[in-house]
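J.: Please find one structure pasted underneath; my questions will follow.
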Amino acid sequence: MPFLDRAEGRIHYQVSGPPGAPALTFSNSLGTDLAMWDLQATPLSRTYRLLRYDARGHGQSSVTPRPYSIEGLANDVLSLLDASKIDRTDFCGLSLGGMIGMWLAVHAPARLGQLVLSNTAAKIGSAESWNARMQAVSEGGMQAIVEAVLERWYSSAFRSASPGVVEATRRTLLQTPAEGYVASCAALRDADLREAVSAIQAPTLIIAGTYDPATTPTDGRFLANRVPGSKYVELPAAHLSNLEASDAFTMALSKFLSS
């Protein structure tokens with residue numbers, strides 16, 4: 001898998017699928033890496049040129065000096081598109097990745113085709129909640145928050161039924177660099193796109209999880225009401241709906257992108 005060397009650090013990414021096919025970019029959530037999209041990449045790489053990457057401070061990408069911002073993380077995507085010779089791409093982002101997608105749709109609309117915003121919000125959480133999480137990780141490492149995060153990411157029924165998936169997610173969380181995680185938390189804490197999203201012109205699908213306590217269906221419906229002409233889908237899942245309701249997620253994504 002290649003790396004893009006930028007002045008700010010290295011970005012780890014992967015391109016798959018037929019050369020010349022329509023491009024589709026996936027952007028991961030806080031505390032995960034590009035592997036979170038494996039279940040979608042397998043079927044979609046037959047018809048799309050897929051770009052997946054580890055967000056700055058995650059996976060094999062560099063932990064760069066603070067501060068991080070949604071704008072800076074979005075500019076990483078633009079650099080990846082340039083390096084991959086992708087002029088225009090459909091985009092699917094979950095949580096942090098969704099906020100990156102919103103910023104791109106507002107500030108770099110010529111680079112985006114269709115937009116999928118999954119389990120995300122124009123404003124995620126409160127400063128108090130983010131500061132508490134950042135302090136916990138700074139003092140105790142990723143181990144300090146992993147169980148609480150998993151409870152928010154997956155419903156109790158799914159945790160019981162799919163322990164292997166949950167364990168794989170636990171490993172990814174624990175392997176996430178604490179410094180990169182904290183810096184990304186600060187970027188989410190400071191981001192507020194509630195007014196900006198009304199300027200999005202890209203055809204947009206919003207996916208929410210019925211049981212998601214982090215970015216709730218109310219957050220999803222807020223986006224649906226603010227983004228002109230957007231479509232809204234709610235899946236029986238918590239925060240990582242692309243894993244908990246993978247078949248329904250992939251079907252909704254594929255149907256939207258081909259419409």
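J.: Of all DSSP beta bridges in region 3-257, what percent run antiparallel (nearest 5)?
T.: 25 percent
J.: List Tyr13, Tyr53, Tyr211 from most exposed to least, where exposure is judged by having the fewest other Cβ atoms within 10 Å.
T.: Fewest to most other Cβ atoms nearby, the residues stand as Tyr211, Tyr13, Tyr53.
J.: Considering only DSSP states other than H, G, I, E and B, which chymotrypsin sites (Phe, Trp or Tyr not before Pro) in region 230-259 qualify as loop sites with at most 16 other Cβ atoms within 10 Å?
T.: Hits after loop and neighbour filter: nothing returned.
J.: Right, next: Got a sec? How would His239, His107 order by Cβ neighbour count within 10 Å, fewest to most?
T.: So the ranking, lowest neighbour count to highest, is His107, His239.
J.: Which percent, nearest 5, of DSSP beta bridges in region 1-147 are antiparallel?
T.: Restricted to region 1-147, the bridges split so that about 35 percent are antiparallel.
J.: Ranking request for peptides 57-65, 116-124: highest mean number of other beta-carbon atoms within 10 Å first, then the rest in descending order.
T.: Averaged packing, sorted descending, gives the order 116-124, 57-65.
J.: Right, next: Tell me, what is the percent relative contact order of region 1-107, built from C-alpha pairs under 8 Å that lie six or more residues apart?
T.: With pairs under 8 Å counted, the relative contact order is 33 percent.
J.: With charges set only on the Cβ (+1 for Lys and Arg, -1 for Asp and Glu), what does the dipole of the chain come to about its Cα centre, in debye to the nearest 20?
T.: About 480 debye.
J.: For Lys255, list the aspartates and glutamates whose Cα falls under 17 Å from its own Cα; do not include residues on the same chain fewer than 8 positions away.
T.: Candidates past the 8-residue exclusion: Asp90, Glu234, Asp247.
J.: A further question on this structure: Once you keep just the Cα pairs under 8 angstrom separated by 6 or more residues, what percentage relative contact order results for the chain?
T.: 21 percent
J.: Using the alpha carbon gyration tensor of region 160-256, what are the three equivalent-ellipsoid semi-axes (square root of 5 times each eigenvalue), largest first, in whole Å?
T.: Rounded to whole Å, the semi-axes are 25, 21, 11.
J.: Could you work out how far the C-alpha centroid of region 29-74 sits from that of region 202-233, in angstrom?
T.: About 21 Å separates the Cα centre of region 29-74 from the one of region 202-233.
Any read-out appearing in this document is the output of simple, stated calculations on the displayed coordinates, not a laboratory observation. All of these numbers come straight from a predicted model, not from anything done at the bench. Note that we place each Cβ from the backbone using ideal geometry, even for glycine, and neighbour counts take in every protein chain shown.
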